[in-house]
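Enquirer: I am attaching a structure below and will ask some questions about it afterwards.
The values are calculated or read from the model by the stated rules, or taken from the named source; none is laboratory data. What you see is a predicted model, and the numbers here were worked out from it, not measured in a lab. As a convention, Cβ positions derive from the backbone with ideal geometry for all residues, glycine included, and neighbour counts pool all protein chains shown. Accessible surface is based on the protein model in full, side chains and every heavy atom, while ligands, DNA and RNA are left aside. Shrake-Rupley method; radii C 1.70, N 1.55, O 1.52, S 1.80 Å.
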Number of protein chains: 2
Amino acid sequence: MTRSLALLIAAATLASWPAFAQPEGGAAVSVQASLFAEEVARARHEVDAAIRAGVNVPVPRDPGGGVTHEQHKRNYRTIFEGGQLYRLTGDRRYLDHVRALLLAYADLYPGLGRHPAAANQVAGRLFWQSLNDSVFLVNAVQGYAEIRDVLPAADRQRIDDNVICPMAHFLSDESPEVIDRIHNHATWAAAGVGLSGYLLGDRDLVDKALLGLDKSGKTGFLRQLDLLFSPDGYYAEGPYYQRYALQPFVVFAAAIAAHDPDREIFAYRDAIVLKAVRAAIDVTHNGYFIPVNDAIRDKSLRTEELYHAVAIAYGATKDPTFLSIADWQGRTVLTPAGEQLAGDLAARKAQPWRFDSRALGDGPDGKQGALVLLRTDGGRDGPLLVAKNSVQGMGHGHFDRLNWLYFDETGPVVTDYGAARFLNVEAKHGGRYVPENNSWAKASIAHNTLVVDEQNQFGGKWKVGEERPTQQLAAGLAGPTRYSIAAIDTAYKGVAMRRALLLVEVEGLANPLTIDILRATGGGRHVYDLPLHFSGHIIDSDIDFARHLAERPVLGTANGYQHLWVDGVGARAGKARLTWMQGSRFYSYHMLPPAGARFILAESGANDPQFNLRREPALIQRVEGAADAVFVSLLEPHGKYDASSESVVASKARVSAMDHRRADGADILTVTFADGRRFAVAVAEDVAPTARHRTTVDGRAFEWTGPVGRLDLSRETRK
Amino acid sequence: MTRSLALLIAAATLASWPAFAQPEGGAAVSVQASLFAEEVARARHEVDAAIRAGVNVPVPRDPGGGVTHEQHKRNYRTIFEGGQLYRLTGDRRYLDHVRALLLAYADLYPGLGRHPAAANQVAGRLFWQSLNDSVFLVNAVQGYAEIRDVLPAADRQRIDDNVICPMAHFLSDESPEVIDRIHNHATWAAAGVGLSGYLLGDRDLVDKALLGLDKSGKTGFLRQLDLLFSPDGYYAEGPYYQRYALQPFVVFAAAIAAHDPDREIFAYRDAIVLKAVRAAIDVTHNGYFIPVNDAIRDKSLRTEELYHAVAIAYGATKDPTFLSIADWQGRTVLTPAGEQLAGDLAARKAQPWRFDSRALGDGPDGKQGALVLLRTDGGRDGPLLVAKNSVQGMGHGHFDRLNWLYFDETGPVVTDYGAARFLNVEAKHGGRYVPENNSWAKASIAHNTLVVDEQNQFGGKWKVGEERPTQQLAAGLAGPTRYSIAAIDTAYKGVAMRRALLLVEVEGLANPLTIDILRATGGGRHVYDLPLHFSGHIIDSDIDFARHLAERPVLGTANGYQHLWVDGVGARAGKARLTWMQGSRFYSYHMLPPAGARFILAESGANDPQFNLRREPALIQRVEGAADAVFVSLLEPHGKYDASSESVVASKARVSAMDHRRADGADILTVTFADGRRFAVAVAEDVAPTARHRTTVDGRAFEWTGPVGRLDLSRETRK
């Protein structure tokens, strides 16, 4: 039945399959399906190897990364791929092997209890966490569906009764604490349970998957679609888990579309499933997911989840820009949806995906803050300023409201540590998140946002953070002066923070400037720290640092500060600058900190007994004993270093002066370049789009409407 | 006249050139010449931009990387490319611009004295060091040659008399301290002077270039060919400078071949020029030059020097394996040699270059040590063990005899810091070598070789090192147990060192093991330090380290030790292990150090006031108060980490035990794997290839001939 779903979505022609059934015959595979042909060849290679290795269904023992864990993962992939290959080729070897595997599980599964290596997670049976059991079921059902009809009745019965049914019941009735949550683990469970229901013709299972165990609709798949995505398709936990969560959403949605077409699932909630796929693509840079919240930085669109998502979304929309994503992925899935996508890609129907500026609202109503993406071109790897003004992101959220990141052609420039985890590497805390994920990666000081009194936002309590949204006050997504303005007054008791981040294109500069105006308003006296985590090698600075050259202390004792080595502490009156180099480009960070500020150069990696942390540089602007503080900063990418031709241009910054003042209800910043050119930007307190503002710069009138204005001071317009 | 040389070498057909002369006409460029067509298009783009920018010949002022420096560099490229484009297209705009540039130099040059920014280097006139003036002349003469015949006589006279002639005289008669050396700067000078001589028909200049200012042959180009390369074509200063030096050698050789064919320059000294080109290609990994001695690590075969070298060597030999190198380069040169190469590449004549194991003898007689390259396959980026047993490498040499490096598909694994330099980045010591190049990058402790009593080899005096070769005792380049055995007893007073490095392929292991047996024999009591500099993130270790978690001291006070932060010091009885991860692979380093040894985990970057150093990890095995010491180590690459599919295999080392003993005139090492398999290797004291050896392992006879033997202990051959 899954088969009919796949056919319904993709309308694939199977006529060409003899070419794959007899590859030794030398029949040339049509170039139109080359991506798919590669997929089939890859699957044959893997499944043929699995067949040679024989059936191996071990008694569960190991945690993530261990031998039995990896073997059960290989097995569900073999069941999925073997089933698809049988459909595509008719080769009975695939049928026989998938059958043998499933019968081995029929012997093993009914006797299993709680997994012996279960730790903090909800225990599974085949795996240490039930999440993996759900993933097993989603894959196994899809593979089994391709052979079930041709199995002897007795085999079918054994597999139905001893594998699919009990797994579906384990993940539904026996696991209310999983399936009745609003969480991606529940989506995987619902998908497994629902696909099982469709396969077995068990409406009860389907309804529990769709509407929750009590079938009220207060939980279940549809409620997850209502609550886990914002109206823009942004997933509450952030880009990394958006990727992870996507697969059960799209796979189950495709099954619903096939079996319950009247539900019009792809149109549900204003097409939220498709919006989620599009948002997942948009929250990448050069194909890699933006690493806010818990996120491993090497995850890209080149993952199983996105192969499924892109193929299914293309099947549902025929939007040719999905094809350009598939082209970058260089992979697709073995299903008919994948085959159709590969054919259309080979037929040159692809159109470029346009990576536009977006403000992705967060929360079920889209009003609990936003993740703002500012881009100057539509390219995959061009300049990208991210303003992280979303909600907490549940247990995987970081304490980093008003955080920002910057990427361009050289990669991540202003960085986020992401997660502290070595996925599935047993020696590293069993492959789970390492302790430093809490003590460093989630800490506020590990992010590019204001830290008050060396504390984490919300006291480091994510459930508190979950209740306190960020206010996205305004966002300007077009024109040469894009911006985000956001605020939060609940992250620290008694301190309100407001941050304007501007991505400014300047004529004659190859790269845009980022301007950052951050204001803290608090009673009493505070320590304000504004870190910048960056990637690259320090070139020079005009700050006079007292360096710790021969003995290196740590910065603090808690809340992430214990993980920072101090390389030096310095001061400078007026504008200060730090320049570094990454790849072929130079970056200068210009600062107008509050009066009396000091600059701390630091590096992550202290108090790290198990070598779990990467060692990465940070510059912290610190002011002590202040009630209010304004930090004005500017990031200037410049120049070019070409090792091959040994040429270097513009290794020196071009921004030579900055002046900030507060006047007429606005922050006014003037920026002067070495060649004498100047411009001013203004950020108004009143963010109403129609509000009109007026001030004077250099004796010249400066008028604008809306939150942000800009004036070129180079042109001779003064009377 | 240079033109005729080029034609003679490449026998290019010019018939197709109208296609380039009228690109707007839409004439399709033949696919056979696509690489060359791209080269022409790139040059047109650059030279057209230069024409639009106008003639800019500034009075010299800045050091490397500065404005006038970069402008004069641009100008010689424009002269070279503009000349070629005029030949190829007949477009007078190119003729006019090259003429205008040269006439501007004719106005400027005669009035110039010593460059104002000259520092330690020999001062140039256009540039801060005369080396750059030589490079200017080599390029300018080649461009000028293409237009000289069609210039009005008066222009020709002015350029000859005010640019070419005085530059050639400055670089010859007026700079004996440059041109009469045996050094790559002298080769550049000789090439510039010689090419000028051929162009002007000035035999005196040519002879001075070929035979030295006194024409005795004691210096000059031919003598440089005798002394700067070993008989294997290895260049004395190492791979990085081999690359740099190559261009004047091949360009001048090509001119000699054209103008003095009777010299048979490409056959000279058993075809040393071609051997040098081949050796330059062989001393790369994944296209990047092996960074021994002063070397910037991002230099690859994708450099101007190698575009010329490959095109000229292909023209001289028609060896189709050069074409596969050009294919990887993706570039060629604008000369007829480049055109022919591009055509043959497009005609699919390329054959793969075989990156074989080699022992490149060092020194003019090839007997002053060697650079040994051990490879297990012929691929560009496969496993590569480098044993650095060469001579000093003159002023650019490092104090690192018996050093080793290891590379594989993940990149450099056992690393060399290379040079401490930010080429042409003015803020970094004017773009020159930074002070830490001497204090760290050249220091013995910065390399993977034995350091005695915290001193540099040869007391840190390179001229002393230059007199003291390494003894390459034996090398085995084939079979599953490749090896290098070398020794030196002059690096430290009273201490003899001998090191055997083996690259061992084992059935069932995807990657070869490196085995390292290093013996120091000295009188008195010494501190022996054996560092391993590696690339990757530490996973775990069975060493019990006392960690410096919250305050980090430095290891020493001089000879590079002052640049090492100490992360921890530990000990362990018996075999010790450190495992790290790089890219998709794990690496375990297994050690059997001398009794009483401690392990020091360290990182470069201490005492670095200007942030000139990268921060890279090192593990040091240290034994104190010993006369003799044997360090036995084994590097085991293993497993696979795939972030995309979230699969991890074999993250644990498979080598479970090692046992070393000295018996029957040999070091005997047995290695045991976790699955119980065992093998033994033996390295005999007597390295005679015909010597027969016999010992007993596990009660079994172990016989071999030559320096190295191996016995598989898993097979049941015992009676």
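Enquirer: Which whole-Hz ³J(HN,Hα) couplings does the stretch A:666-679 yield from phi under the Karplus relation 6.51 cos²θ - 1.76 cosθ + 1.60, θ = phi - 60°, glycine and proline marked x?
Expert: Each residue of the stretch A:666-679 in turn: 8, 8, 10, 10, 10, 10, 10, 9, 4, 8, x, 5, 9, 8 Hz.
Enquirer: Under Stokes-Einstein, with the Kirkwood radius over Cα pairs standing in for Rh, what whole-number D in µm²/s applies to the stretch B:60-123 at 37 °C and 0.692 mPa s?
Expert: Working: Rh = 13.2 Å.
Rounded to a whole number, D works out at 249 µm²/s.
Enquirer: Residue by residue through the stretch A:462-472, which ³J(HN,Hα) values in whole Hz follow from phi under the Karplus form 6.51 cos²θ - 1.76 cosθ + 1.60 (θ = phi - 60°), with glycine and proline marked x?
Expert: Values, residue by residue: 5, 5, 5, x, 4, 8, 10, x, 8, 9, 7 Hz.
Enquirer: For Cα pairs less than 8 Å apart in space and 6+ apart in sequence, what is the mean separation divided by the residue count of chain A, i.e. the relative contact order in percent? Intermediate values should be presented prior to the final figure.
Expert: On the way: 1637 pairs, mean separation 58.8, N = 719.
Rounded, it is 8 percent for chain A.
Enquirer: For the A and B pair, go ahead and give the buried accessible area with a 1.4 Å probe, both sides summed, in Å² to 100.
Expert: Values: alone 26610 and 26640 Å², together 48720 Å².
In total, this chain pair buries about 4500 Å².
Enquirer: Further question: Protein chains only, probe 1.4 Å: how do A:Ser633, B:Ser584 rank by accessible area, largest first? Can you show the working numbers first?
Expert: Values: A:Ser633 0, B:Ser584 50 Å².
Listed by decreasing accessible area, they come as B:Ser584, A:Ser633.
Enquirer: Could you check the simple spin-label distance between A:Ser584 and B:Glu616, using points 7 Å along Cα→Cβ, in nm with one decimal?
Expert: Distance between the two pseudo-spin positions: 2.4 nm.
Enquirer: What list of ³J(HN,Hα) values in whole Hz, one per residue of the stretch A:506-523 in order, does the Karplus curve 6.51 cos²θ - 1.76 cosθ + 1.60 (θ = phi - 60°) give from phi, with Gly and Pro shown as x?
Expert: Calculated HN-Hα couplings, in order: 10, 4, x, 9, 6, 10, x, 9, 9, 10, 10, 10, 10, 10, 10, 10, x, x Hz.
Enquirer: Still on this structure: How would you classify the stretch A:332-386 from its alpha-carbon gyration tensor, with a ≥ b ≥ c the square roots of the eigenvalues: rounded for a/c under 1.5, else prolate if a/b is greater than b/c, otherwise oblate? Walk me through the numbers before you get to the answer.
Expert: Numbers: a/c = 3.90, a/b = 1.72, b/c = 2.27.
It comes out oblate by the Cα gyration axes.
Enquirer: I would also like to ask the following. List the trypsin sites (Lys or Arg not before Pro) within the stretch B:350-383 that DSSP assigns to loop and that have no more than 16 neighbouring Cβ atoms inside 10 Å.
Expert: Values: sites: B:Arg354, B:Arg358, B:Lys367, B:Arg375, B:Arg380; in loops: B:Arg354, B:Lys367, B:Arg380.
Qualifying residues, ordered by number: B:Arg354, B:Lys367.
Enquirer: I've got another one for you. Between chains B and A there is a rotation axis; tell me the chain B residue with the nearest beta carbon and how many whole Å away it sits.
Expert: Reported as residue, whole Å: B:Arg552, 2.
Enquirer: Further, regarding this structure: How large is the direction-averaged shadow of the alpha-carbon convex hull of the protein assembly as shown, in nm²?
Expert: Numbers: hull surface 228.8 nm².
Computing the convex hull of the Cα atoms and averaging its projections yields 57.2 nm².
Enquirer: Over the stretch A:169-302, consider all pairs of different Cα atoms and compute the Kirkwood hydrodynamic radius from their mean reciprocal separation; express it in Å, one decimal. Numbers along the way, then the final one.
Expert: Details: mean 1/r = 0.0671 Å⁻¹.
Final number for the Kirkwood radius of the stretch A:169-302 is 14.9 Å.
Enquirer: So which GluC sites (Glu not before Pro) in the stretch A:598-686 pass both tests, a DSSP loop state and at most 16 other Cβ atoms within 10 Å of the Cβ? Could you put the intermediate results ahead of the total?
Expert: Values: sites: A:Glu603, A:Glu624, A:Glu646, A:Glu685; in loops: A:Glu646, A:Glu685.
The qualifying sites are A:Glu685.
Enquirer: Among B:Trp565, B:Ser535, B:Pro176, whose Cα lies farthest out toward the positive end of the dipole of the protein assembly as shown, if unit charges sit on the beta carbon of Lys, Arg (+1) and Asp, Glu (-1)?
Expert: The listed residue farthest towards the positive side: B:Trp565.
Enquirer: For peptide A:645-653, what's the mean number of Cβ atoms from other chains within 10 Å of each residue's Cβ?
Expert: Working: counts 5, 11, 7, 11, 5, 0, 9, 4, 0.
Average per residue, whole number: 6.
Enquirer: Heads up, I need the accessible area for B:Asp161: 1.4 angstrom probe, whole protein in place, Å², nearest 10.
Expert: The accessible area of B:Asp161 comes to roughly 80 Å².
Enquirer: Can you give the extra length, in nm with one decimal, that the chain gains between A:Val464 and A:Asp544 once fully stretched, where that is 0.36 nm per residue apart less the Cα-Cα distance? Each step should come with its number before you reach the end.
Expert: Values: separation 80, 0.36 × 80 = 28.80 nm, distance 4.06 nm.
Result for the pair: 24.7 nm of gain on full extension.
Enquirer: Nm distances between the label at B:Gly583 and the same-position labels in the remaining copies, 7 Å along Cα→Cβ, shortest first?
Expert: B:Gly583 label point versus its equivalents elsewhere: 1.8 nm.
Enquirer: If you place +1 on the Cβ of every Lys and Arg and -1 on the Cβ of every Asp and Glu, how big does the dipole about the Cα centre of the stretch A:128-206 come out, in debye to the nearest 20? Intermediate values should be presented prior to the final figure.
Expert: Working: 5 positive and 12 negative charges, 34 e Å.
The calculation lands at about 160 debye.
Enquirer: Mind jotting down the three principal axis lengths of the stretch A:74-189 based on Cα atoms? Whole angstrom, largest first.
Expert: 43, 26, 23 Å, listed from the longest principal axis down.
Enquirer: Please report the relative contact order for the stretch A:238-384, taking Cα pairs under 8 Å with a sequence separation of at least 6, and give it as a percent rounded to a whole number.
Expert: 20
Enquirer: For B:Phe422, enumerate residues with amide H under 5 Å from its amide H, sequence gap 5+ or separate chain, H modeled in the peptide plane.
Expert: Close amide H contacts, sequence-distant or interchain: B:Val434.
Enquirer: Same structure, new question: Once you have a ≥ b ≥ c as the square roots of the Cα gyration tensor eigenvalues for chain A, tell me rounded if a/c is under 1.5, and otherwise prolate or oblate according to whether a/b is larger than b/c. Walk me through the intermediate numbers first.
Expert: Details: a/c = 2.07, a/b = 1.83, b/c = 1.13.
Cα axes put chain A in the prolate bin.
Enquirer: Run the simple label-point estimate for A:Lys215 and A:Ala657 please: 7 Å along Cα→C-beta, distance reported in nm.
Expert: 7.6
Enquirer: The stretch A:515-564: which residues show an accessible-area loss of 30 Å² or more, assembly versus chain alone, 1.4 Å probe?
Expert: A:His537, A:Ile538, A:Ile539, A:Arg547, A:Leu549, A:Ala550, A:Glu551, A:Arg552
Enquirer: Just want to confirm a number: the relative contact order over the stretch A:582-719, from Cα pairs under 8 angstrom separated by 6+ residues, in percent.
Expert: Numbers: 240 pairs, mean separation 23.7, N = 138.
Relative contact order here is 17 percent.
Enquirer: What FRET efficiency do you get for B:Val59 and A:Glu409 if R0 is 45 Å and r is their Cβ-Cβ distance, rounded to the nearest 0.05?
Expert: Numbers: r = 35 Å, r/R0 = 0.79.
E between B:Val59 and A:Glu409, to the nearest 0.05, is 0.80.
Enquirer: Starting from 0 in steps of 5 Å, tell me what percent of the Cα-Cα pairs of the stretch B:549-608 lands in each bin.
Expert: Using 5 Å bins, I get a P(r) of 4, 15, 19, 18, 20, 18, 5, 0 for the stretch B:549-608.
Enquirer: A follow-up question, please. Would you calculate, for chain B, the mean residue ellipticity at 222 nm contributed by helices, counting each DSSP H stretch of 4 or more residues as -39,500 (n - 2.57) and dividing by all residues, to the nearest 500? Don't skip to the end; give the middle numbers.
Expert: Details: 18 runs with 215 residues, N = 719.
One gets -9500 deg cm²/dmol as the mean residue ellipticity at 222 nm.
Enquirer: How many nm separate the modelled label positions at B:Asp686 and A:Leu112, each set 7 Å beyond the Cα in the direction of the Cβ?
Expert: Roughly 6.3 nm, to one decimal.
Enquirer: Please list, ordered by chain and number, the residues whose modelled amide H lies under 5 Å from the amide H of A:Asp542; skip anything fewer than 5 residues away on the same chain.
Expert: Long-range HN contacts for A:Asp542: A:Arg577.
Enquirer: While we're on this one: What accessible area per residue, rounded to a whole number of Å², is obtained for the stretch B:96-237 using a probe radius of 1.4 Å?
Expert: Working: 4310 Å² over 142 residues.
Dividing the accessible area of the stretch B:96-237 by its residue count gives 30 Å².
Enquirer: Expressed in nm², what is the orientationally averaged projection area of the convex hull enclosing the Cα positions of the stretch B:568-656? Don't skip to the answer; put the middle values down first.
Expert: Working: hull surface 32.6 nm².
The number I arrive at for the stretch B:568-656 is 8.1 nm².
Enquirer: I need the inter-copy label distances for A:Lys218: point set 7 Å along Cα to C-beta, values in nm with one decimal, smallest first.
Expert: 10.2
Enquirer: Further, regarding this structure: For B:Arg661, go 7 angstrom from Cα along the Cα-to-Cβ vector, then report the distances to that same point in the other copies in nm, smallest first.
Expert: 8.7
Enquirer: Say R0 is 41 Å: what FRET efficiency, to the nearest 0.05, do B:Val67 and B:Thr557 get from their beta-carbon distance? Display every interim value, and only then the final one.
Expert: On the way: r = 41 Å, r/R0 = 0.99.
It comes to 0.50.
Enquirer: With a cap of 14 neighbouring Cβ atoms within 10 Å, and only residues DSSP puts in a loop, list the trypsin sites (Lys or Arg not before Pro) found in the stretch A:227-329. Could you put the intermediate results ahead of the total?
Expert: Details: sites: A:Arg243, A:Arg263, A:Arg269, A:Lys275, A:Arg278, A:Arg297, A:Lys299, A:Arg302, A:Lys318; in loops: A:Arg297, A:Lys299, A:Arg302, A:Lys318.
Here the sparse-neighbourhood loop sites are A:Lys318.
Enquirer: Using r as the Cβ-Cβ distance of B:Ala100 and B:Asp260, and R0 as 30 Å, what FRET efficiency do you calculate, to the nearest 0.05?
Expert: Values: r = 33 Å, r/R0 = 1.09.
Once the sixth-power term is evaluated, E becomes 0.35.
Enquirer: Turning to a different aspect of this structure: How big is the Kirkwood radius of the stretch B:590-641, worked out from every pair of different alpha carbons and given in Å to one decimal? Don't jump to the answer; show the numbers that get you there.
Expert: On the way: mean 1/r = 0.0725 Å⁻¹.
Taking every pair of different Cα atoms in the stretch B:590-641, averaging 1/r and inverting gives 13.8 Å.
Enquirer: Also: First obtain the Kirkwood hydrodynamic radius of the stretch B:252-339 from its Cα pairs, then insert it into the Stokes-Einstein equation at 25 °C and 0.890 mPa s, and state the resulting D in µm² per second as a whole number. Can you show the working numbers first?
Expert: Numbers: Rh = 13.7 Å.
Translational D for this selection: 179 µm²/s.
Enquirer: Once you order the gyration tensor axes a ≥ b ≥ c over the Cα atoms, which shape class does the stretch A:601-700 get: rounded for a/c under 1.5, otherwise prolate or oblate by comparing a/b with b/c?
Expert: Values: a/c = 2.80, a/b = 1.35, b/c = 2.07.
Oblate is the answer for the stretch A:601-700, as a/c is 1.5 or above yet b/c matches or exceeds a/b.
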